[in-house]
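Trainee: Take a look at this one; I'll ask things after.
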Amino acid sequence: MNKPQSPQRWLMALMLGFCLWQGSGPMLHPAPAHAALASALTYDRFLRYVEEGRVTDVRLTDNNQVAEVTATDPQTQNPTRYRVNLLPNTVPQLVDRLTAQGIEVGVVPTRDGGAFWAILGNLLIPVLLLGGLFFFLRRASGGASGPGQAMNFGKSRARFQMEAKTGIKFDDVAGIEEAKEELQEVVTFLKKPERFTAVGAKIPKGVLLVGPPGTGKTLLAKAIAGEAGVPFFSLSGSEFVEMFVGVGASRVRDLFKKAKENAPCIVFIDEIDAVGRQRGAGIGGGNDEREQTLNQLLTEMDGFEGNTGIIIIAATNRPDVLDAALLRPGRFDRQVTVDRPSFKGRYEILRVHARGKKLAEEVNLEAIARRTPGFAGADLANLLNEAAILAARRQRMAITNQDIDDAIDRITIGLTKPPLLDGKSKRLIAYHECGHALLMTLLPHADPLNKVTIIPRSSGAGGFAQQLPNEEQIDSGLYSRAWLLDRVVVGFGGRAAEDIVFGYSEITTGASNDLQQNTSLVRQMVTRFGMSELGPLMLDPPNNEVFLGGGWMNRTEYSEDVAAKIDRQVRQLLESCYQKAKQILMENRALLDRLADTLVERETLDGDEFRAIVAEYVPIPEKSGLPNPKLA
């Protein structure tokens, strides 16, 4: 698709065309009626034709500049019409000469519309130029407040619906029951306010939806709009702010004016952090336009006049940057956290998004929910959609477990690439991934293995060993020191396997990401979690980076001597975990070779198949994170 031309380029083209038009103006006058003659004839040859008696008829124009001549062509001997440009002040002598030779002479008029077309031609480009200027100025002014609305610069751009028909109800929202219950109460406030006012309760003025991206904040707003049955305004926080100071504040005033005229109503502001950031933050002050807009928003929500019957619902995934005055009771009375769903929530979300999709009988939504900890609602919807696309591409009539497995891998790791050919690289990757997978299986506190593969991915991974996270740990957010250390040991499994099998000189860069994650995790154990010999100290507080409202220089809370001790502790923990990984793999070298050979041959092993091979050599410790066989 061609890139559209900018207004400046169009104006330059119009001005250039105008200059060319004016420069060639005399040539643009329309020709007289004789312009359609067969050919031109020079004046000398015309006189020669007269002397030879070839000319039979001559018609002069009334301005005595051009003559229409009928003469016999010397080659074809046929009568031919010619156009002859006459010399000034020679027409009377020419007429006498033609008359003396008996040649008929007449006069023909020129076209009367020549002057009109000349004037029109000269006015065409200026009119186009002025029209283009008006059009682009109109569009430029419309970019701030809507196309063609230059006089409505400060008007609100909120989309208004007297009764929002989003097609979404609370029944279509699953997995976030606590948040849904809070918002169902808001709908009841609007439909039956007397139930609450009878006991002295006041309708909340604002509800702030807070949560990670994709958890369903906007979906909840659509459900409120579909359930409430009251006028509904919706807009984004970025639609308030413009480059001109005062425009955003004017739009806020206009929005609340319209809302008061339609009260009771709901106003939904998506991504409110675009306008509600903390004031006075950053180096050199803040954005005047944004701060003026925020001041007006604060006044309209809870100022001297106040508002009645208007409920503000806002959504953000960055509540830490919002101004404190915006979050206080009286403005946003409630802050509803819309978090990532638990296992039960994911199962309910999958049931909602599975409507209208053909699933094979073997597909178990509970098993999918257990395999997708940390997935938000949008991730689960995308998962089923990707699985449906894969099933259609494979010409299947229903979505199978294989389609869902491939869709999970596609979302979390990337698209599959052609498998590697047999060779040293393939065996090295097999040993690397088997090192990770074997440690996942043998370490008592590590999360169990779900699948190991050496099929490359578009993300750059030559293969991967995937774990099944512990649902209880994710929900509680509590991780033990033993679990963290085992995770570091598992991270060193790939590098340790390369070192043992191929030698230190043959280790590769494939472990770079593992080393980065291990180093970061161990440093947090030392400086934030108090899990080292330095004791229970918080030496590196979270969120100490440059941020809105904070200092503009990073500073440490400890001396250089303590920093050296931290480095020693980090190095000591990393080295001990690496040696532990090497020791376990060396003790099970025969098992490691067997697993690598099997993986090279089959390219992918699921957790049960991998554990079955390991059980032939050593006992496997029991783990709480293993999936229920009835659900798998």
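The values are calculated or read from the model by the stated rules, or taken from the named source; none is laboratory data. Keep in mind it's a predicted model, so treat the numbers as computed, not measured. For neighbour counting, all protein chains shown are included, and Cβ atoms are generated from backbone atoms with ideal geometry for every residue, glycine included.
Trainee: List the helices (runs of 4 or more DSSP H) inside the range 170-235, counting only whole elements, that have at least 1 residues being among the aliphatic types (A, V, I, L, M).
Mentor: The helices (runs of 4 or more DSSP H) meeting that bar are 177-191, 217-228.
Trainee: Could you go through the range 488-503 and let me know if any residue there is among the aromatic types (Phe, Trp, Tyr) and touching a Ser or Thr at 6+ places or on another chain (Cβ under 9 Å). Steps first, please.
Mentor: First pass over the range 488-503, keeping only residues among the aromatic types (Phe, Trp, Tyr): 492, 502.
Filter again for touching a Ser or Thr at 6+ places or on another chain (Cβ under 9 Å), leaving 502.
Checked the range 488-503: at least one residue is among the aromatic types (Phe, Trp, Tyr) and touching a Ser or Thr at 6+ places or on another chain (Cβ under 9 Å).
Trainee: For the range 374-396, name all the residues that are surrounded by fewer than 21 Cβ atoms within 10 Å (Cβ to Cβ), in contact with a helix residue (DSSP H, G or I) (Cβ under 8 Å, 6 or more places away or on another chain) and not in a helix (DSSP H, G or I).
Mentor: Gly374, Arg394, Arg396
Trainee: Among residues belonging to the range 520-545 that are in a loop (DSSP other than H, G, I, E, B) and small (Gly, Ala, Ser), point out the one that is nearest to the chain's Cα centre (by Cα).
Mentor: If we take residues in the range 520-545 being in a loop (DSSP other than H, G, I, E, B) and small (Gly, Ala, Ser), then Gly530 is nearest to the chain's Cα centre (by Cα).
Trainee: Given the structure, is Gln402 modelled with pLDDT of 85 or more, of a type in the set (S, T, N, Q), assigned by TED's automatic domain parsing to the domain that holds Arg351 and assigned to a loop (DSSP other than H, G, I, E, B)?
Mentor: Taking the combined requirement at face value, the residue does not satisfy it.
Trainee: Go through the range 363-373 and report how many residues are at pLDDT 85 or above and in a loop (DSSP other than H, G, I, E, B).
Mentor: The number of residues fulfilling the criteria is 3.
Trainee: Next question. When you look at Glu194, is it modelled with pLDDT under 85, surrounded by 15 or more Cβ atoms within 10 Å (Cβ to Cβ) and among the charged types (D, E, K, R), yes or no?
Mentor: no
The rows are residues; the columns are (1) in contact with a Gly (Cβ under 6 Å, 6 or more places away or on another chain); (2) more than 19 Å from Leu485 (Cβ to Cβ); (3) in a helix (DSSP H, G or I); (4) at pLDDT 90 or above.
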| position | (1), (2), (3), (4) |
| --- | --- |
| Gly510 | no, yes, yes, no |
| Phe547 | no, yes, no, no |
| Asn554 | no, yes, no, no |
| Glu557 | no, yes, no, no |
| Lys565 | no, yes, yes, yes |
| Val570 | no, no, yes, yes |
| Lys580 | no, no, yes, yes |
| Ala596 | no, yes, yes, yes |
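Trainee: Let me confirm something: among Tyr49, Tyr82, Tyr43, which residue is surrounded by fewer than 16 Cβ atoms within 10 Å (Cβ to Cβ) and at pLDDT 75 or above?
Mentor: Unique residue meeting the criteria: Tyr43.
Trainee: Assess whether Lys217 counts as being of a type in the set (Lys, Arg), more than 18 Å from Ile310 (Cα to Cα) and within 31 Å of the chain's Cα centre (by Cα).
Mentor: Judged against the criteria, Lys217 is a match.
Trainee: Given the residues Leu415, Leu428, which is the only one that is crowded, with 18+ Cβ neighbours inside 10 Å and of a type in the set (A, V, I, L, M)?
Mentor: Exactly one residue qualifies, and that residue is Leu428.
This table checks each residue for (1) touching an Asp or Glu at 6+ places or on another chain (Cβ under 9 Å); (2) assigned to a helix (DSSP H, G or I).
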site	(1), (2)
Asp406	yes, yes
Pro419	yes, no
Asp447	yes, no
Leu485	no, yes
Val489	no, yes
Ile500	no, yes
Asn513	no, yes
Asn518	no, yes
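Trainee: Do any helices (runs of 4 or more DSSP H) entirely within the range 266-362 hold 3 or more residues that are modelled with pLDDT under 80 and not assigned by TED's automatic domain parsing to the domain that holds Phe375, and if so, which?
Mentor: Output list reads 288-301.
Trainee: Moving on to the next point. Based on this model, can you work out whether Pro204 counts as under 19 Å from the mean Cα position of the chain (by Cα), of a type outside the set (Phe, Trp, Tyr) and surrounded by fewer than 21 Cβ atoms within 10 Å (Cβ to Cβ)?
Mentor: no
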